[in-house]
Each structure stands twice: as structure tokens, then as C-alpha cells.
1. Quick one: count up the residues across segment C:356-379 that are out of contact with any strand residue (DSSP E or B) (no Cβ under 9 Å at 6 or more places or on another chain) and either closer than 30 Å to C:ALA185 by Cβ or of a type in the set (Lys, Arg) (or both).
2. Determine which member of the set C:GLU109, C:GLU125 is of a type in the set (D, E, K, R) and in a helix (DSSP H, G or I).
3. If a residue has to be in a helix (DSSP H, G or I) and at the interface with another protein chain (Cβ under 10 Å from one of its Cβ atoms) to count, how many in segment A:390-402 make the cut?
4. Inspect segment C:75-88 for any residue being within 14 Å of chain A (Cβ to nearest Cβ), over 18 Å from the mean Cα position of the chain (by Cα) and assigned to a loop (DSSP other than H, G, I, E, B) and give the result as yes or no.
5. Residues that are at pLDDT 95 or above and among the acidic types (Asp, Glu): does segment C:241-255 have at least one?
6. Looking only at segment C:14-24, count every residue that is at pLDDT below 80 and either within 14 Å of chain A (Cβ to nearest Cβ) or part of a helix (DSSP H, G or I) (or both) and tell me the total.
7. Counting only residues that are under 20 Å from B:VAL128 (Cβ atoms) and within 27 Å of the chain's Cα centre (by Cα), which one in segment B:159-174 is modelled with the highest pLDDT?
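The values are calculated or read from the model by the stated rules, or taken from the named source; none is laboratory data. Please read all numbers here as calculations on a predicted model, not as lab measurements. We place every Cβ from the backbone using ideal geometry, glycine too, and count neighbours over all the protein chains shown.
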Amino acid sequence: MPAQRTVPAQQTLLRGAMQRLDLTRNAFAERLGVTRRALDTWLLPASSREHRSMPDVVAKMIGTLGVPAAGAAAPSNLRARLTRPGKPHLLSVDVFDRDLAEEVLRVAETMEPIARREKVTRVLEGAVLGNLFFEPSTRTRVSFGAAFCRLGGAVCDTTGFTFSSMAKGESIHDTSRVISGYVDAIVVRHPEKGSVAEFAAATHIPVINGGDGPGEHPTQALLDLYTIHRELSRIDRKLDGAHVAMVGDLKHGRTVHSLIKLLSLYKGLKFSLVAPGSLEMPPALVALARERGHRVVEADTLAKGVRNPDILYATRIQKERMGGEGLESYPANFRIDRAAVKAHCAKHTVLMHPLPRDSTPGANDLADDLDRDPRLAIFRQTDSGIPVRMAIFAILLGVDHLVSGNLRDATWK
Amino acid sequence: MPAQRTVPAQQTLLRGAMQRLDLTRNAFAERLGVTRRALDTWLLPASSREHRSMPDVVAKMIGTLGVPAAGAAAPSNLRARLTRPGKPHLLSVDVFDRDLAEEVLRVAETMEPIARREKVTRVLEGAVLGNLFFEPSTRTRVSFGAAFCRLGGAVCDTTGFTFSSMAKGESIHDTSRVISGYVDAIVVRHPEKGSVAEFAAATHIPVINGGDGPGEHPTQALLDLYTIHRELSRIDRKLDGAHVAMVGDLKHGRTVHSLIKLLSLYKGLKFSLVAPGSLEMPPALVALARERGHRVVEADTLAKGVRNPDILYATRIQKERMGGEGLESYPANFRIDRAAVKAHCAKHTVLMHPLPRDSTPGANDLADDLDRDPRLAIFRQTDSGIPVRMAIFAILLGVDHLVSGNLRDATWK
Amino acid sequence: MPAQRTVPAQQTLLRGAMQRLDLTRNAFAERLGVTRRALDTWLLPASSREHRSMPDVVAKMIGTLGVPAAGAAAPSNLRARLTRPGKPHLLSVDVFDRDLAEEVLRVAETMEPIARREKVTRVLEGAVLGNLFFEPSTRTRVSFGAAFCRLGGAVCDTTGFTFSSMAKGESIHDTSRVISGYVDAIVVRHPEKGSVAEFAAATHIPVINGGDGPGEHPTQALLDLYTIHRELSRIDRKLDGAHVAMVGDLKHGRTVHSLIKLLSLYKGLKFSLVAPGSLEMPPALVALARERGHRVVEADTLAKGVRNPDILYATRIQKERMGGEGLESYPANFRIDRAAVKAHCAKHTVLMHPLPRDSTPGANDLADDLDRDPRLAIFRQTDSGIPVRMAIFAILLGVDHLVSGNLRDATWK
């Protein structure tokens, strides 16, 4: 089975490289330092008696050839479109139009074989990520770190509420500038809104906002959009015209704020926004969606607000946020469990959640009695963090065009 | 000197690769893209005038060739024997019979040149380990992490008592499933017995129990067994029929519990179990050893219980566990120092300890006045953590058969 | 532009390798497994029609060839001069004479293309660093970690005030010896003076003092010296005969203590030491500088002590250290801001600081109104941490002579 899978890959790889390098077979064989005859046998269909399997080292060599060779794949213009000159950062989803978002997601698609551990790339070998978490968020930190490792880079982590040097009065500017001299890209998670932008302002190396308190968390929004595309494609629907319900604390959830912005780039959606009275989606975001021609329905109970959506995006409600009498007046009616899904959702409804979810009994959250329901997409959603974050790193570091030429089979399973 | 050491390695490597790939010299030279003549010179004895030293890149190439080539070394069946389908975990020593334990230790032997920093392998290049320590244990965390790095992989660490997301009510199931989407293998250390098994139940990627409170710590037991084999071999004895004394807190020490299970797989041992009255080895484990035909002697002082054993395995006694009047009634008689060893041990007795040991004055522990005694095997014991953990990773990830074909000399010393 | 930059590198690399390996073109081509003709085209000037660009894999191969080949570049004697046999540590600057310091800095110079992210080396691939920070110092930890990664190695980090095992009574000796079995080099930061030396005494692998409280921090002193050399060279001056002002808390700052020792290795310097009454440079160090023939002027205000120095090295004064009435009597006269620089410095004066600096308003520290002043060298100074620490790792691990033959272009920008 490995042999069969390798064959088309071998031919695709060779043809792709010849095309990219714009070389004839003779010139390509010479470039590789192999005989023309050997190259020919590798290009033959597997069914041919003359077919030979290409040594892995040649695939490796081709990956390397592709990298800095003059005639190699042209760099994409994605970094230029995603960032401003001298400011190669990703701080907010506001930078996206629909085309740009979709092109970034297409790069993420090309990362899937690596994210699924079928392929290995070393395109960022030698690069170092500063993964700076000023507030703890283990899963997000590991997701960024693993994504960078899967591109071949190395990671220096920081966790904890503060840098010791910041405790000594050091400015964010200085911290940022110092770390920039050590690493090639920085992820910053910080509890205060705007502090990641302040961090980014002090440096010319790429900074990715990994969540700044109530502010933004753009890679989460991108992985949500990526998941929505893939899930809708699985059930044979399109995002234009889809019905998306968002349920829970829509006031404090930066996830749903960024997501509604991205979804509003599409056409003719229906948004069902369901939140307790004091936790509604901010009016400015509702207005934005309406201005762009989407239909928005707001409600304060599942029964009133959710009816067979294509996507149900649930978020957690912290009880202490439901106000004085919240606990009594909304005993459990924001709990999304099997019964609620049966009552309000369709057979095709995709169930999403940014995680973590509160699995303690009675929590106003997505319940775990749905864990075997195939509509539950929450782990496919977190899995998507790897290819999406790989794509962002690759784009910001200018290597997104090099990955496809720099792949080999994973040794492990 | 390096040249002399390299020569047999070069020939062994080449012959091994030809055998593994089942190729003639001509076919092998063709596969490598070198002339038959060059290959011949590399295979000649170093004493021959025609002998040439093989470029390192060829060794690298051979390693790569060995990896996914169709005809390469067949995967071992160790993973299948160590785990159940779909559950590639190592949670307990209960899975071992004697043959399986010895085969795992043989894989560990093959890791020695890497653990001793003479050789480098990159067989797991591209793989990522999630090294999750829910309770701190720096040395164990570094041991697992360094072992994975020495196989060529990268490591994402977590330390601290809890995941922030768990504080928000996330279940172990969710945490496990999310992290499984990011990494290729997981080590979990957790203060609560059974929680690692719960973690493992939620995922299909390999989980290794790195210690779950009073529960299990199987890689510690394996490295103890590995050390015992090597030390007995050094003094020209065999484990069958050996005399093993275990001293200290035998009630709370999961290390001695797992070790007595593994040792009981052998034949005709004598166990001397020496513990203060309230801290004895659990009766079930004593019964197990007796059922399997071993002789077990229990005692509550060194004088009564220890007489020239082959192995003396000491563990620490925490004073607060010695009971109300413990401090007075056992003033220091569980301290293993030079005098105690002189009184109770033979010239060949191997001194072991799981570490850390309490080096504060008067501690009921292994004393540091023995540090220059060649019988003291405690650091050879911790050193063994690297090859044993490398073996476990390699087996669970299905690459144990690839390591020997994927080696090169270390550049540093 | 990349093509143009690559061409001289390609020729330099090839010629350098032939020289180092002492091979003719024919022998070198044979060693690489390429035709003589191909080698010739790679060596031709870029302007020639026959010039061909060398496949990257060949550069990689050359790097590898350089590494353990019998005839390769001879190891330098720097490790032998920097350390004692069996004790390959860097614990103090006291080991340096002028020649040795300058040779180490020359090795650091060779690391610049890697530190600037133009080149990648993998010379330490397979090696593991134990980066043990018993007190937190994020920037220093990341600087050491990133330096080791940029040599191709992997890093296991520890942060926090103590090892859990030390809390259980484990001695520094045991901790050191255990970790030494896992990794290839150790950086230790510890709040207590002398504890790093105690750590080093227990092991035969390289230990680097990353700061032991009021004791030493030798790599900081080296990077300061490195920066001073580069900055003076930029303004076309030499260190012999230079005028160096040190300002601030000269009593508690281990940085200035180590730096004045290193600078005293040079000839005919003038030191202006400016500190509040209770925070003066220790008399023993003043005496040392004078014994070596330097002129030392001490003062307690900037106005009296600083007049157009070549280097102004500022350090922070913690208000609580200024004594009982300190706050009143020295309201802000140790603040180095634009006005102070205008009043006391020359147009060429280089402004340095070990960082972090206190940027809170009114702090007795280097002010951020100087941030756009080209004389401010503080970030060039922190940037120098990477090449200097790479040099120290490379020397202590015996690979400093291998780096130049083990380089390739970075893929990212």
C-alpha cells in the first residue's frame, strides 16, 4: 500500500519540479546528477515493467532544489496582501476580504498531508519561533508550537503572567525589540486588549496575535471559517446563503465577534443569534452583518431562535455573567445537549464550539452526550488549528510556495 | 582514533543495508548512485591500501533509503505485542511477559550509541511529542523530552498542576482529544491514579504513563530492570536465581511495586523486603511473588533483613510516614550509608535507588558517603532512562526497526 | 538579488572546502560524486556564459563532508584554552586573557550570518541543551535557547525557582549528575552565588553560568565586549586608549564587575565610574584596573563624572538601594535622558545598557526619549547575545571549526 500511494506522488513531484524549474528532462536529470535513463524509469506508470521507484534521497534533493533556485516556484503575493510593508503581522481579521481569506485557506489545505502526519516538511529548518504566552493557554500554545515544528522550525516557549523583566519596569517595546533579535517570528497571547499590537509595533519580524483578552484571536476565526467550509462541503452545501446560528454568551466571546466579521464577507447568510438578555452580540456587529445584506434574527431562547441551521456555533455561558437572577431565570436553557439538538436542529446541522467546553454537570454549554454524534465537529475544528496556523506561519515567513516541493513521507504512523 | 572507530561502522552499515534491502552490490551501488568501484573500496578492510572512507552523506543517504523503501527492514511486531489495536499506549507493566520485556530492552540496547552521544539518528524527524506534566517532575520531563529529541523529534512541554482549560471545567477526554490533533505521541504525568488511563482512552495516538500518583510509572520499572540486567552482567551474574533486597518505604513506592512485578517474571529469585512496620510491601504483591515460585523474606530492620544481596534497591522514607513515634523508634536505622553497606552487603552488591534521594543530614535514605563506591549504580540507573524511553517511543511509533539504518556519527563530544 | 548574493558564496564554499579537505578539483568532484565539468561550471564567475548555479543539496553535502572527514578543518584549541581537562565549563570571565577573549569574539563574528538569519547551520543536529533556570529570566533563557537551536540542536527548558526533587532534599550534585545523563550541555541560572560552580563540579559535560545571583554572568560580559568592539569599529576608534564611563548602581551590578575585568585586559583606558555615594564600584575592582595601568576617575554625579566618553554604559538604580534619604537627595540625577546625553556626551558616544531598563516615569535609568538616537546601541547589544552564545556553545562542544563548512541559505526572510 505505501508503494502504491508513493507512485503518483513520485511522478507528480518530478513533473511539478520540472515545470517549476522550467527544465527539460535532460537538464533536470543533469541538475539532479542522475542519468536520463533513471529519470525516465521513475516517470513511467507503475504498471510498466520498466518502472522504478525513486530513491527517497532524490525526493529530498528535489525539495531542496525547489527552495532557493533562481527559477523555482515564485513566491506568492499573500504576505504582501496580508500585511503592510515592514509590518508583517497578523493582528486582526479586519485585514481580510473574501478572496484573501479563501487563498489563505487554500494554503492551509496544502498543509493537510503534514497535519495528518502523512508527510513531513523541513522548509523552516533553522527558524525559531518565540511563543510568548503572558497568560496561560496550554492548548493554543501547543497548537502554535506544533504547527511551527511541523514546518521544520524550533520553538522557544514562555508561559506565565509576566516576564520577570516587565516586573522590573520594562516596556512592551523593549521586550518586543529584544526578543526580535533572538527569533524569527513571535506569537503573543496577552490578557490586555491592544497589547499585542503594541508588541508588534516595536518589531519588524512577524507577530501573530494569539489572543489579546477581549480583543482579537484571528487564527481562531480563520480555523473556524476553514472548518465551516470543510463541513459544509461534506454535507454538500455552500457558505453563500447558509444559515448560521450562534448561541451562548455573544457579548464577551471574541471568537463569535471575529467569526461574524469573516462570515459577513460572504453573501446572503442568515444569522440566528441566541443569547440571554444581558449577553447579546454587540449592536455594531449586528449592524455590520445587516449592512452587508445578511439577515439577522436575535432571540433569547433556543426555542425561539434556533430552527434547523446549517451550522450551530455554541459558546459557553459563565453563570456569574448571567446577572443577579440569572441562575434562576435561565436554569439550563442554554445547554446544548442531545435533547436540545433533537428539538432544534436538522439532520445535517454541524455542531461547533471554540472549546474548551464546560463538562461539569448542568453547565450552560455543549454537553458530552453528543460526543458520538457525527454532526459534532468540535474536534475536527481544533484539528484545523494545525494546518491553518502552519499556513499563517508559512505566508508570513515567505515560504508558502516552497512547501509542496519540500515534502517526504512520514516514517512513523 | 575516529577513523578507526568509523571503519567497522561503515562496513557494517553497508552490509546491513544491502542485506536489508536484499540487493546485490551492483544494484546497491546503482541505488546509491555511486560506482561499483567506490562501493568496493568502502567495503574493504581498513588495512587494505585500496580502502577508502565513505563520505558521510552516503551514510545519511543509506539511512534515508532504509526508511520507507519497499524492501527495507520489516517492522517489528513489538508494538502489536505491547498494545491493543487502536490503543497504542503504555500504561502499566502488567502487559509484560518475560520475552516481551527482554525484547524491549534489546531495542533499548540498540539506542545506547545514541544515548552515549556517539551516534545521531533523525528517524522521527517531523514528529512532535506532547510532554504533559500535570504535576512537576523536572527530571522525568527532561528525560522523556531528551529521549524524543534524540530520535529526531520535537517536543512541546506543559508543566504545572493544571491546564487552564481544565480549570474552566474541561474534561480529561476533551483535553486529550484536542492535544491528540496537535502531536504524535503524548507523555502524561498526573497526580491522580487512573487519570492517565482516562486520558489514553480518549485518543488513538500513543500515550505513555509518566507516573500517575500512587499508580504506575512503567518506564521507570523498565529502566530499573534494564539497569539490573546490565549491572548483573557486569558482575557476571544472571537475574534468574538472584537475590534482590528492597529497603525503605515499600508501601507507598510505586517504583518497587512495579519492579517486583517485573522481577517476578524471572525464576527462582530471593526477595528481601525490609521496611518499618507500617510501611511494608502490600501483601498482594508479596503473594504474587510467592505464587510465581520466588522466596520472599520480610523484615523490619536492615540487620535482620539484608545479608549480601546481589541488588540492594533503596527507597526514601519520609519521616512523617513513620507514624506517631516513628522518629524515636527508628532513629536512623533505614539510612543506607557506608557503614550499613559494610555491615550488610557483599563486595559485589549493586546499590540502586529510583532517585531523588534525600541528602539532608540524617535522612532515612541512601547517603552520599557512598558516592565514590563503584557499587553505587544510581546514576547509571538514571542514565538508562534515555535508551529505555527511546525504545518505548520508537516501538509505539513503529520505527524501532529503522533506527539502525538511520545513524551517523555525532559531530560534538 | 538572491542569485547575485549566492554566487560568491557558492565559489567561496567550494574553494574553501577544497582547501580544507586538501583535494584537487578531480578528487573533490569524485568525493562529491559529481562530474569534473559540473564542478567547473559552479566555480566560474557568474558573468561567464558557462556559469551554473550549484544545487543546494551539494552545498549541504559539502557541509556534511566537512564535518567528520579525516582531512577536514582541524579542531581549534579554544576549548582547551577556555577550560581545564575534564571540566569543559564557562563559569567566570577570570579565565580570559586578551588573546583568548578576542579569539572567542572572532568565532562569534563567524556566527553573524546565522544570527542575522541569512544562513542556516545544522552542525549540532542531534545535540540537546538543558536550559535550567532556577530563577526566571525569560530573555536570557530564550537567548541561550535560540542560540543552541540556531546551531541545529534541541532544547529542554526548566523554569521556576526550584526543581521539585530539590524540594525533596536532593543535592545540587545529584541534580547535576542526573541531568548530565540526559543532555549534552547545560546552562544554569541560579539566584545563589557559587551554586552554578557547585552544579558544574558534579558533571563532565559543559556547564555555562547563566548568572548566579551577585556572582558572574560571563556570556553577558562577553557580549558587552563584543558590542563595544563593533561599536568602536563603527565610529573608527579602538578599545586601547578608549574612554569608558559606567553609570548607575556599580556596587550590585555583576554586569559592570565582569565588564571592567574584561576591559582591563586592554591598554590605557580611562574609566569614569559614576555612582551615588553608597553604590560605588567595589574598591578591589578599581584597584585591579589601576594596577593594570588604566586611569580611573570616580564621581557621584553625572556632571562631575561624565565628559564625552566613547562608551557610556548605564545601569539601573533601584530606588530602595539609594539609602534612607536617597530619594530626596538624588531626585533624578542618574536618569540618562536626551538632556543628560546632550549635556555630558559627545556626538560619537555609544550608549549601552545591560537591559532590562526601567521605563516607568522618573526611573533612575536610561530613558526612552533616546530610542531614535543612533548612538543608542542597547538593542544591537542584546542582538549580540545570539552570536556570542553560539560561539560559546560551539567552542565548548568542539564544533567551532565545523560551522563555516556547514552553512546553507535560509529559506525564509
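1. 3
2. C:GLU109
3. Within segment A:390-402, residues that are in a helix (DSSP H, G or I) and at the interface with another protein chain (Cβ under 10 Å from one of its Cβ atoms) number 3.
4. Step one: list which residues in segment C:75-88 are within 14 Å of chain A (Cβ to nearest Cβ), which gives none.
The answer is no; no qualifying residue exists.
5. Within segment C:241-255 (the criterion being at pLDDT 95 or above and among the acidic types (Asp, Glu)), the answer is no, since none of the residues qualifies.
6. Total meeting the criteria: 7.
7. For segment B:159-174, the residue satisfying everything is B:THR159.
So that you can scan it fast, the table gives a plain yes or no per residue for (1) crowded, with 22+ Cβ neighbours inside 10 Å; (2) of a type in the set (D, E, K, R); (3) over 16 Å from A:ARG230 (Cα atoms):
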{"site": "A:ASN364", "(1), (2), (3)": "yes, no, yes"}
{"site": "A:LEU370", "(1), (2), (3)": "no, no, yes"}
{"site": "A:ASP373", "(1), (2), (3)": "no, yes, yes"}
{"site": "A:ARG380", "(1), (2), (3)": "no, yes, no"}
{"site": "A:LEU407", "(1), (2), (3)": "yes, no, yes"}
{"site": "A:LYS413", "(1), (2), (3)": "no, yes, yes"}
